1. Please give every one of the aspartates and glutamates within straight-line cross-link reach of residue 259, meaning a C-alpha to C-alpha distance under 13 Å, and leave out same-chain neighbours fewer than 8 residues apart.
2. Three principal axis extents, largest first, for the C-alpha atoms of segment 200-272, in Å?
3. Work from the charge dipole of the chain (Cβ charges, +1 for Lys and Arg, -1 for Asp and Glu, about the Cα centre) and give the residue of 173, 229, 70 farthest towards its positive end.
4. To the nearest 10 degrees, how steeply does helix 37-47 sit against the main Cα axis of the chain, on a 0 to 90 scale?
5. If you count only protein heavy atoms and use a 1.4 Å probe, how large is the accessible surface of residue 155, to the nearest 10 Å²?
6. Assuming R0 = 35 Å, what is the FRET efficiency of residue 235 and residue 23, from their Cβ-Cβ distance, to the nearest 0.05?
7. Under a 1.4 angstrom probe, counting protein chains only, how are 258, 205 ranked by accessible area, largest first?
8. With charges set only on the Cβ (+1 for Lys and Arg, -1 for Asp and Glu), what does the dipole of segment 271-353 come to about its Cα centre, in debye to the nearest 20?
Amino acid sequence: MLKVAIIGSGAISTSHIEAYLQFPERCTIVAICDIYEDKAQARIDQYHLNAKAVKDYKELLGQDIDLVSICTPPYTHASLAVEFLEANTHVMVEKPMASSLEECDMMNEAAQRTGKILSVVAQNRFKTPMMKMKSVLESGLMGNIVHVQVDSFWWRGHSYYDLWWRGTWEKEGGGPTLNHAVHHIDALLWMMGEPTEVQAFMSNVSHHNAEVEDLSIGMLRYADGSLGQLTSSVVHHGEEQQLIFQGAKARVSTPWKVKASTSMANGFPEPNVELEAQLQAYYDALPEVMYEGHAGQIDNVLTAIETGAAVLIDGISGRRTLELITGIYKSASTGELVNFPIGPADAFYTRSGVQAHATHFYEKNKSIENFAATPISTGSHYK
């Protein structure tokens, strides 16, 4: 029976708690930690856990804990992860992995040195439509991918950035490009691989209480000449989220849609119903995932601890995601075309460098400690 601790008892912690509770024969939550100890106790009471509420995470270092879920603001991720890894504890850290590439490298070095698992949350990979899409792309039925469109559309009210750690480059590390589109950027890199360069723009059009962007657009170029476009937003009503892949032979997307064309003698298109049917049949025949979302990733991490297998999403993968995000911020802030990779000599490699060089749109003019417990939206089901 693996012993688990949750660090941070904010809104996202409920996804972790509910996921761990799906595996009662494999793990048990023994502690929840939060700087607001009453919030930690409230989570324990909410789920009727036989766990201890802890204010200072250092109390948990060196204890008999197998795995921690880090659910705290991004600027704390690196130090927490490194300390727990060095305390011989496996770590699963919420997105984004950290607030700088330097911090990612510190975390990955600690994982390699200690031999412990470091997994970065990207729960969308563990949703059936995403798993099926990955298989469809790998099948080759569409031909080479020539264009990808990623719409990471979310909507957040003005008060969203009133929470004390949100809306600053220092503590949140960025706006929706970092904290919302991270899900879709992870999926994009998993399916398409890494681009060679990015040109980007960003703005703050609706949240005058935040330093960070609330809207960005990145244009991507890949080594084979294919192109991509990525929109990250918290100003889109309806929160419609999708990934569209245009192949040489067909187009597919999540939520699932398939279209294929063939050329008439004059070059104009006509439907390729045979290929559409083939792609549909291939998609329909793919299996459903057993556990979706956070439960799927936690099952993956528990299995890795139990068997020694590799996790699907490790710290190297998490760093790649942050590298593309950092490239978007650098390009949007400087106007430059940014080439990858981004290394230690780059001004945007460190957290202090990002804070110094990223565009500051507004000053944060309100700060509250906590919101009342209310439902949150965590993204599309892609169905």
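The values are calculated or read from the model by the stated rules, or taken from the named source; none is laboratory data. Worth saying up front: this structure is predicted, and the values here are computed from it rather than measured. We place every Cβ from the backbone using ideal geometry, glycine too, and count neighbours over all the protein chains shown. These area figures cover heavy atoms from the full protein model, side chains too; ligands, DNA and RNA do not enter into them. Shrake-Rupley method; radii C 1.70, N 1.55, O 1.52, S 1.80 Å.
1. 270, 274, 276
2. 56, 30, 19
3. 229
4. Value to nearest ten degrees: 70.
5. We get 110 Å² for residue 155.
6. For R0 = 35 Å, the calculated efficiency reads 0.40.
7. Order by accessible area, largest first: 205, 258.
8. My answer is approximately 600 debye.
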